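Written below as structure tokens is the structure these notes are about.
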Amino acid sequence: MWTYGRGVLVDAGVVGERGSVGAWVLLGVGATTVIATSGAMSRLAPRSAWIATCGVLVVSVAALGVGREQIVTALVSCACFGWGFTAATSALIAWSARIDRAGADLVLKVRVDAG
């Protein structure tokens, strides 16, 4: 979507080269809405958050592919992709922080037990 999304919209004749910039702006708007949904997402288990966000990515890319000739579908797909991409990245960061914290706790426990 980041690389080819604008080209898909231009090739489909939905928007011109200039208008395709609006699709990128909506990607950014979608990414920004992660702030509003971060509380709800943080209550999900890391695996659930990852699955949910990747689901949004898949649906948004598929919707752009199928509905690229319909401007509303295309633009909503771009916004949803922006949210999904940013939220998925955030979910991975949270998940890796949890894993890293568990690893650090294990190392500390081994050191304490070893004396």
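Read-outs throughout are calculated quantities, based only on the coordinates presented, and are distinct from any laboratory measurement. On a predicted model such as this, the values are computed, not experimentally measured, just so you know. For neighbour counting, all protein chains shown are included, and Cβ atoms are generated from backbone atoms with ideal geometry for every residue, glycine included.
Residue-normalised convex hull volume from the C-alpha trace of the chain: 102 Å³ per residue. The angle between the Cα long axis of helix 71-114 and the main principal axis of the chain comes to about 10°, on a 0 to 90 degree scale.
Of the chymotrypsin sites (Phe, Trp or Tyr not before Pro) in segment 1-33, the ones in a loop by DSSP (not H, G, I, E or B) with at most 14 other beta carbons within 10 Å are 2, 4. Dividing the helix sum by the residues of the chain, where each DSSP H run of 4 or more adds -39500 (n - 2.57), gives a mean residue ellipticity at 222 nm of -28000 deg cm²/dmol. Spin-label model, residue 25 to residue 11: label points 7 Å out along the Cα-to-beta-carbon direction sit 2.5 nm apart.
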